[in-house]
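**Student:** Handing you this structure, nothing more for now.
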Amino acid sequence: MTKPLIIPAVLAASLQLCAVLTAAPAATLTISRSELADKIRGGWAGKMIGVSYGNPTEFKYNGRINDGEIPAWLPARVENSIHQDDLYVGMTMSETMDRLGLGATAEQFGEAFKASQYHLWHANAGARRLLNLGIKAPLSGSPKYNIHANDIDFQIEADFIGLMCPALPREANKYSARVGGVMNWGDGLYGGMFLNGMYAAAYFENDVRKVVEAGLASIPAQSEYGRLIRDVLDWSAQNPQDWKAAWRLIEDKWDKHTSCPDSALNSFNIDAKINGAYIALGLLYGGKDMGKTVEIAARAGQDSDCNPSSAAGVLGVMLGYKGIPDFWKSGIPALADTKFDYTRSSFNDISKATLERSLKIIRLAGGKVTGEKIVIPMQTPKPPKLEQWNMGVPSSRISYKDPAWSWTGPWKTLTWKDWTEEHSSEFTGYAAAGAGAEAVLTFTGSAVAILGGLTQSGGRADVYLDEKKVRDADAYIVERTHDNVLWHTYGLAQGRHTLRFVTRNDADPRSKGKNIILQEAVIYKAE
């Protein structure tokens, strides 16, 4: 026989209180449709202004502050934004979302990215190369395959997500994980989440510092990215009038040991977190002034067009399009219906599409849209699980001419100039086509990246690490995809290792040849 349940009076009172709290309406925020639309336009306008402002000095000031001149702003310069990957890559993803719906998966975003035709570099290039070699998203962003996983790429193209998630940082992280996983992982993914957390807060927050803190709350505090942004917040509070003092502290502690081989042992740094710190600097010291914000973010150096673009995008939401001074935005109306390169979207198109997407997300999150009135349930940020990775500490670069390499078979010296839209670079390496050639590298370290020529005539090679067969190397790459990392591995026991490449007589069916071209190895040691 079941005994009757007897609840003590204190417990009964507690249960009644819990019921009341559970039934209490969640906190909400209210905004008009016209104000939401204006803030969305302000965000897109800010991105266009910032990237155009900083473009002339992109990667010309690496590891140093730009104390020189930045070309004076002319409103017509905003036309430069039509041709920038900061805008058109994100629009590939936003257009994919509009076509497939808000439930589009990482693999579907990856398929859209795989088919893109624009020029790409670093994590973006690595991802498109991998996708074309049959590695699906999100593995295309994993450091197992993409050595650029911590690079800036998702950070510069994530804005469309934050812009469609007003006061909804959890929704922003949900979509960021799907899209950002195509090309990034760990700190590279957190860069976009940090940015989108700031966008979500910027719709209702007037204090820039609180906006940056909201971005930090959207990523794991223990991550290197999170610890760096915490430092920026602390150092800016300690040096409220001197952004250069904060910059020097950032430089001394954080501008080192990036995994990207192009950064190894030199001042170039395309890591997401160091450039994210410069976004935060621009916002924290800009005082909600568009000119000061983009100038500081650009003068901090490194990726000096992407960083002011991101900072100005967040500030553009805070100000709204109407609040951006005409001095900065007056060049936009003349090209508001011009399509961004490789997209179906103009400034007017993307602003309208972002608003429509935003209204859907607000409803799905439990909000209400009634005519002009929009009610949004407040979300507290929730960071994803901690994921961290790096190659270690770069210790040496070993040229193909170094005696650490040994060569057998028909290798020959190859020299050519690889012409791009922006510059030409001399390349020299050893090349072999088809089976019958071997290259052996002996090195001491815990990780290695092999750099070489990835072309539309690339072939394949078997790879042996310490005489065990491992993942092979495929030197085929689709057009307009600029990457030079043929093969990499990490997490080895610190010590002496042997790496052997054996060329094969096969290639990707699309390849025009079977070339394997080796240039140098970047060696990393354990932290």
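The values are calculated or read from the model by the stated rules, or taken from the named source; none is laboratory data. It should be emphasised that the depicted structure is a prediction, and the values quoted were computed from it without experimental measurement. Ideal geometry is used to build each Cβ from the backbone, glycine not excepted, and the neighbour counts take in all protein chains shown.
**Student:** Suppose the filter is within 30 Å of Arg397 (Cα to Cα) and either assigned to a helix (DSSP H, G or I) or not hydrophobic (A, V, I, L, M, F, W, C) (or both); does Lys253 pass it? So that I can check it myself, show each step before the final result.
**Tutor:** On the way: within 30 Å of Arg397 (Cα to Cα): yes; either assigned to a helix (DSSP H, G or I) or not hydrophobic (A, V, I, L, M, F, W, C) (or both): yes.
When the stated conditions are applied, Lys253 passes them.
**Student:** Among (1) part of a helix (DSSP H, G or I); (2) at pLDDT 95 or above; (3) not assigned by TED's automatic domain parsing to the domain that holds Lys114, there is one condition Ala12 misses while meeting the rest; what is its number?
**Tutor:** Against the list (1) part of a helix (DSSP H, G or I); (2) at pLDDT 95 or above; (3) not assigned by TED's automatic domain parsing to the domain that holds Lys114, Ala12 comes up short only on (2).
**Student:** Within the range 286-331, considering only helices (runs of 4 or more DSSP H) that don't extend past its boundaries, which have at least 1 residues that are acidic (Asp, Glu) and over 12 Å from Ile40 (Cα atoms)? Working first, answer last.
**Tutor:** On the way: elements: 290-299, 306-319, 326-329.
Those helices (runs of 4 or more DSSP H) span 290-299, 326-329.
**Student:** Give the range 426-451 a look and list any residue that's within 30 Å of Trp389 (Cβ to Cβ), in a strand (DSSP E or B) and either at pLDDT 95 or above or acidic (Asp, Glu) (or both), or say none.
**Tutor:** Matches in the range 426-451: Ala439, Val440, Leu441, Thr442, Phe443, Thr444, Gly445, Ala447, Val448, Ala449, Ile450, Leu451.
A quick yes/no check of all residues on (1) aliphatic (A, V, I, L, M); (2) assigned to a strand (DSSP E or B):
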site: Tyr464; (1), (2): no, yes
site: Glu479; (1), (2): no, no
site: His497; (1), (2): no, yes
site: Arg510; (1), (2): no, no
site: Gly513; (1), (2): no, no
site: Leu518; (1), (2): yes, yes
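**Student:** Taking the options Asp67, Asp98, Asp86, name whichever one is acidic (Asp, Glu), in contact (Cβ under 8 Å) with a residue 60 or more places away in the chain and surrounded by 22 or more Cβ atoms within 10 Å (Cβ to Cβ). Show your work before the answer.
**Tutor:** Numbers: Asp67 fails: surrounded by 22 or more Cβ atoms within 10 Å (Cβ to Cβ); Asp98 fails: surrounded by 22 or more Cβ atoms within 10 Å (Cβ to Cβ).
Just a single option satisfies the conditions, and that option is Asp86.
**Student:** Please pick out the residue among Ala493, Ala475 that is buried (at least 20 other Cβ atoms within 10 Å of the Cβ) and not polar (S, T, N, Q).
**Tutor:** Values: Ala493 fails: buried (at least 20 other Cβ atoms within 10 Å of the Cβ).
Residue meeting the stated conditions: Ala475.
**Student:** So is Gln117 surrounded by fewer than 16 Cβ atoms within 10 Å (Cβ to Cβ) and of a type in the set (S, T, N, Q) or not?
**Tutor:** Values: surrounded by fewer than 16 Cβ atoms within 10 Å (Cβ to Cβ): yes; of a type in the set (S, T, N, Q): yes.
For Gln117, the condition - surrounded by fewer than 16 Cβ atoms within 10 Å (Cβ to Cβ) and of a type in the set (S, T, N, Q) - is met.
**Student:** Yes or no: the range 466-476 includes at least one residue that is part of a strand (DSSP E or B), within 23 Å of Arg129 (Cα to Cα), over 31 Å from the mean Cα position of the chain (by Cα) and at pLDDT 95 or above. I'd like the intermediate steps shown before the answer.
**Tutor:** Going residue by residue through the range 466-476, those that are part of a strand (DSSP E or B) are 468-474, 476.
Those still in the list that are within 23 Å of Arg129 (Cα to Cα) too: 469-474, 476.
With over 31 Å from the mean Cα position of the chain (by Cα) added as a condition, the list becomes 469.
Among the residues that remain, those that are also at pLDDT 95 or above are: 469.
Scanning the range 466-476 turns up at least one residue that is part of a strand (DSSP E or B), within 23 Å of Arg129 (Cα to Cα), over 31 Å from the mean Cα position of the chain (by Cα) and at pLDDT 95 or above.
**Student:** It is to be established whether one or more residues within the range 198-210 are within 17 Å of Ala277 (Cβ to Cβ), of a type in the set (Phe, Trp, Tyr) and touching a residue at least 60 places away in the same chain (Cβ under 8 Å).
**Tutor:** If we filter the range 198-210 for residues that are within 17 Å of Ala277 (Cβ to Cβ), which is where we start, we get 198, 208-209.
Narrowing further to those that are of a type in the set (Phe, Trp, Tyr): none.
Checked the range 198-210: no residue is within 17 Å of Ala277 (Cβ to Cβ), of a type in the set (Phe, Trp, Tyr) and touching a residue at least 60 places away in the same chain (Cβ under 8 Å).
**Student:** If you take just the helices (runs of 4 or more DSSP H) that sit entirely in the range 162-226, which of them hold at least 1 residues that are within 16 Å of Arg357 (Cα to Cα)? Write out each step before concluding.
**Tutor:** Numbers: elements: 169-180, 187-202, 208-217.
Correct list: 169-180, 187-202.
**Student:** Could you check Gln238 against (1) buried (at least 17 other Cβ atoms within 10 Å of the Cβ); (2) over 22 Å from Lys144 (Cα atoms) and say which number it fails?
**Tutor:** Just one mismatch for Gln238, condition (1).
**Student:** Across the range 156-182, which residue is nearest to Phe113 (Cα to Cα) among those that are surrounded by fewer than 24 Cβ atoms within 10 Å (Cβ to Cβ), touching a residue at least 40 places away in the same chain (Cβ under 8 Å) and of a type in the set (D, E, K, R)?
**Tutor:** Arg178
**Student:** To continue, here is another question. One residue is enough: does the range 377-396 have a residue meeting the conditions of a type outside the set (A, V, I, L, M), at pLDDT 95 or above, over 26 Å from the mean Cα position of the chain (by Cα) and closer than 30 Å to Phe443 by Cβ?
**Tutor:** There is at least one residue in the range 377-396 that is of a type outside the set (A, V, I, L, M), at pLDDT 95 or above, over 26 Å from the mean Cα position of the chain (by Cα) and closer than 30 Å to Phe443 by Cβ.
**Student:** Quick check: anything in the range 366-374 surrounded by 13 or more Cβ atoms within 10 Å (Cβ to Cβ) and at pLDDT below 95?
**Tutor:** The answer is no; no qualifying residue exists.
**Student:** If you don't mind, there's one more thing I want to ask. Only residues that are over 18 Å from Ala214 (Cα atoms) and touching a residue at least 40 places away in the same chain (Cβ under 8 Å): list them for the range 276-290, please. Before the answer, list the steps.
**Tutor:** Here is the first cut: in the range 276-290, the ones over 18 Å from Ala214 (Cα atoms) are 289-290.
Scanning the range 276-290 gives a single hit, Met290.
**Student:** Now for a separate question. Looking at the structure I just gave you, is Ser304 buried (at least 18 other Cβ atoms within 10 Å of the Cβ), out of contact with any Leu (no Cβ under 9 Å at 6 or more places or on another chain), of a type in the set (Ser, Thr, Tyr) and not assigned by TED's automatic domain parsing to the domain that holds Arg33? Can you show your working first?
**Tutor:** Numbers: buried (at least 18 other Cβ atoms within 10 Å of the Cβ): yes; out of contact with any Leu (no Cβ under 9 Å at 6 or more places or on another chain): yes; of a type in the set (Ser, Thr, Tyr): yes; not assigned by TED's automatic domain parsing to the domain that holds Arg33: yes.
Spelling it out, Ser304 is indeed buried (at least 18 other Cβ atoms within 10 Å of the Cβ), out of contact with any Leu (no Cβ under 9 Å at 6 or more places or on another chain), of a type in the set (Ser, Thr, Tyr) and not assigned by TED's automatic domain parsing to the domain that holds Arg33.
**Student:** Test Val502 against the stated conditions and say whether it is surrounded by fewer than 20 Cβ atoms within 10 Å (Cβ to Cβ) and either closer than 30 Å to Tyr118 by Cα or β-branched (Val, Ile, Thr) (or both). So that I can check it myself, show each step before the final result.
**Tutor:** Working: surrounded by fewer than 20 Cβ atoms within 10 Å (Cβ to Cβ): no; either closer than 30 Å to Tyr118 by Cα or β-branched (Val, Ile, Thr) (or both): yes.
In short, no.
**Student:** Being more than 16 Å from the chain's Cα centre (by Cα) and either at pLDDT 95 or above or charged (D, E, K, R) (or both) narrows it down to one residue among Gly313, Gly287, Gly323; which is it?
**Tutor:** Details: Gly313 fails: more than 16 Å from the chain's Cα centre (by Cα); Gly287 fails: either at pLDDT 95 or above or charged (D, E, K, R) (or both).
The conditions single out Gly323.
**Student:** For the range 113-158, what are the residues that are of a type in the set (Phe, Trp, Tyr) and under 16 Å from Asp271 (Cβ atoms)? Even if it seems obvious, please write down each step before you answer.
**Tutor:** Looking only at the range 113-158, we keep the residues that are of a type in the set (Phe, Trp, Tyr), and these are 113, 118, 121, 145, 154.
Result: Trp121, Phe154.
**Student:** Would a scan of the range 231-241 turn up a residue that is touching a Ser or Thr at 6+ places or on another chain (Cβ under 9 Å), part of a helix (DSSP H, G or I), modelled with pLDDT of 95 or more and not β-branched (Val, Ile, Thr)?
**Tutor:** No, the range 231-241 has no match at all.
**Student:** I'd like the full set of residues that are more than 10 Å from the chain's Cα centre (by Cα) and of a type outside the set (A, V, I, L, M), limited to the range 182-212.
**Tutor:** Those that are more than 10 Å from the chain's Cα centre (by Cα) and of a type outside the set (A, V, I, L, M): Gly186, Phe194, Asn196, Gly197, Tyr199, Tyr203, Phe204, Glu205, Asn206, Asp207, Arg209, Lys210.
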